[in-house]
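S.K.: One structure follows; several queries about it will come next.
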Amino acid sequence: MMSLKGKIILIAVLTMIFVSAVGVYAYTQLGGTSEVAKLNVETKNKGMKEEVAIEVKEEVIQVVPDTTIDESLLPTSAEDQEKTVKYKDKEVVIPKRKVAAVKDSEDGQRQKSGGEAATVATFENDGQYVGIDVSQWQGKINWSQVAASGVQFAMIRVGFRGYAAEGNIKEDAYFRQNINGAVANGIKVGIYFYSTARNEEEAIQEAAWTVDKIKSYAITYPVAYDFEEFGMHRTASISGAQATNNAIAFLNYVGSQGFGTMMYANKSDITSRFQKSRLPYKFWLAHYTSQTDYTGSYQMWQRTSKGSVPGISGPVDMNIAYFGYGSAAKPKHTHDFENGTIIKQEAATCLKAGYKVVRCKECSESKEIEIPKLTTHAYGEWIIDEEATETKDGLKHRVCKNCKKEDEAIIPKGTQNTNTGNNTSTNTNTNTSTNTSTNTNTSSNTNTNTSTNTNTNTNTNTNTNTNTNTNTSTNTNTNSNSNTNTNTNTSTNTNTNTSTNTNTNTNSNTNANTNTNTDSSTNVDNGSNNSNGSDTGSGSDGSQTSEGQGEE
């Protein structure tokens, strides 16, 4: 049996267990953990206002935009080259063009979250100009739908300097798609560059790079300088004064190139960091509220990042501009591709069109120009299939080197077969003609002895050689003509002895040689050897006349 003391101890232990169980139950049911976490968040975020939205935005907004890139709008390798420009007697290096990846790891700008949900209709009664600002964070945009919604202008990011130590300057992945789409649909365009410049030299470099990328486009609204990286990454130690110097350097360069200028900053930075009085440019205020309490002057107001616009998947920044333009501006630079440098080319054929990539004569921009497919064929040399004769037509054909199409043609009869090409023809013509005439007249009397000797030798050699293509022709013509005439006349009387000798030799040699393609022809013509004997006439009668005549 338990003693009284043991009973008291047991009751005390049971009571403690019960109280603990009740406490745990109450804590769980009343959400004690959530309340503590909430209190901690509120304490951490107290007084941060706009900056809070920037820090937590990626957790708040879940957007899956279309990230398809139009490959035809990407820069060519020829554009990826460093160049320099002169500004205030100094050379400014414009780095090689690099296009950022979608959601590039070096991109310090992030999708924001703040302000009221809004559409174009939200601001229609304000009597001002309604616009948006976009970058690769909006993905692929249907600009025809955006224009149809009533958006009047778009501030488009051209690029950014990465926040890593090396500070690479990169073109926004969607810059070209966005600016071409907006301009094509009648939306007036402005530009902004997201900077992480640490000094004036870097800011001027960013400005020169920006101008180089936008000068061929119709930029109507201003070019804005956007610096938000106070106390972070490569610009962690940048003061408000230095950031102001950088903004002035950037915007003065842009203004010197003929563009409108504008400074971008949120309410906190413009009031506590930048030296606003030193910035004599249009000001683009970022303050996510339906009624700003910013007391300074501003010409454009970024009111919310929760805008909803047809053609854009997900939220987008929406802006009010207190200034407008009657017509779109003209580009500051017009490309001269006609007189530019061809940096790559593929010739057109009868099978397919060709192309050439031409760099503008004045800038680094390049363009691919199509070369139409050829309507003619690249035929090779004629090939003789059947030679023409005096009584029959011949046939020849040729083949296109590209599509192998054949073209045939008739060689008219009686036409010499001729091939056109590279031919080597060797023609050797040797004509030897020997004519020997011997006339002996002996008279031992007092009479009159008349001897007439006529020797005529005609040698005609005609050689016609037509050799075409890569042919080797050897033509050897040997003509030997030997003529021997011996005439002996002996008269031993007192009569009259008349001797007449006529020798006529005619040799005609005609050689026609036609050699086709890669052939080797040897023609040997040996002429005739003509030998003429002797005629002898003699007389010994004193009362008669004797005539001796030899004729060939």
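S.K.: Past the 19 Å Cα-Cα mark, which pairs from K83/K215; K213/K367; K356/K401; K276/K332?
M.R.: K356/K401; K276/K332
S.K.: Additional query: Per residue, how much space in cubic angstrom lies within the convex hull of the C-alpha atoms of the range 300-369?
M.R.: It is 213 Å³ per residue.
S.K.: How much length is gained if the chain between T271 and K373 is pulled fully straight, taking 0.36 nm per residue apart and subtracting their Cα-Cα distance, in nm to one decimal?
M.R.: Working it through step by step, the gained length comes to 30.4 nm.
S.K.: Another question about this same structure. Could you give log10 I(q)/I(0) at q = 0.09, 0.19, 0.20 Å⁻¹ for the range 99-243, computed by the Debye formula over C-alpha point scatterers of equal weight, without solvent?
M.R.: -0.30, -1.17, -1.25
S.K.: Now for a different question. Quick one: of K140/K361; K140/K344; K103/K306, which pairs are farther than 26 Å apart, Cα to Cα?
M.R.: Pairs exceeding 26 Å: K140/K361; K140/K344.
Here, each number is a calculation from the coordinates, and none is a lab measurement. In this text, all values refer to a predicted model and were calculated from it rather than measured experimentally.
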